[in-house]
Amino acid sequence: MESVDKQKMARLNNLSKKIVDCLYCVHRELGPGLLERAYHLSLCHELDLRNIKYQNEVYVPINYKDMRIESAYRLDLLIEDEIIIELKAVKKLNHYLHPNY
């Protein structure tokens, strides 16, 4: 069991490194200041170029009492059914990300 967990962690770490490299390539190519959609579509193209499987704009349902809300959440990207990517394009980071918050 432990070796399976180590194998999975190694695979996820490797996939994470590939994703970060894709994100870096998109940012290096496009630079700052664009709308989120431009980065999103460019990242999808970069993932395609590297044959990394992903699902785009995946809806995640929730249940509330007796009601199922099919489109309660939307993930920007779900990569290899393992890693969720939520893209944000901001001018600057908000104060709540400050370590003294």
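The values are calculated or read from the model by the stated rules, or taken from the named source; none is laboratory data. Given the structure is predicted, the values throughout are model-derived calculations rather than measurements. Positions of Cβ are generated from backbone atoms using ideal geometry, with glycine treated the same way; all protein chains shown enter the neighbour counts. We work out accessible area using only protein heavy atoms, side chains counted, and drop any ligands, DNA or RNA first. Shrake-Rupley method; radii C 1.70, N 1.55, O 1.52, S 1.80 Å.
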(message) Please return the longest range in the chain lying between exposed loop sites, taking trypsin sites (Lys or Arg not before Pro), DSSP loop only, at most 15 other beta-carbon atoms within 10 Å, and leaving the sites out.
(response) 1-49
(message) Loop by DSSP (not H, G, I, E, B), at most 16 other beta-carbon atoms within 10 Å: where is the longest site-free stretch of the chain for GluC sites (Glu not before Pro)?
(response) 1-79
(request) Mind ranking 5, 76 by accessible surface for me, highest first, 1.4 Å probe? (result) 5, 76
(request) Note down the magnitude of the dipole of the chain about its Cα centre, charges +1 on Lys and Arg C-beta and -1 on Asp and Glu C-beta and zero elsewhere, to the nearest 20 debye. (result) 280
(message) Let me make sure I get this right: for the chain, a, b and c are the square roots of the gyration tensor eigenvalues over alpha carbons, sorted descending. Under 1.5 in a/c it's rounded, otherwise prolate if a/b > b/c, else oblate. Which is it?
(response) rounded
(request) Could you sort out which of 8/88; 17/53; 18/53 sit more than 19 Å apart by Cα distance in this structure? (result) 8/88
(message) Can you compute 3J(HN,Hα) from phi for each residue in the range 36-46, using the Karplus curve 6.51 cos²θ - 1.76 cosθ + 1.60 with θ = phi - 60°, rounded to whole Hz and x for Gly and Pro?
(response) 3, 4, 5, 5, 4, 5, 5, 5, 4, 5, 4
(request) Sort 69, 84, 19 by accessible area with a 1.4 Å probe, largest first. (result) 84, 69, 19
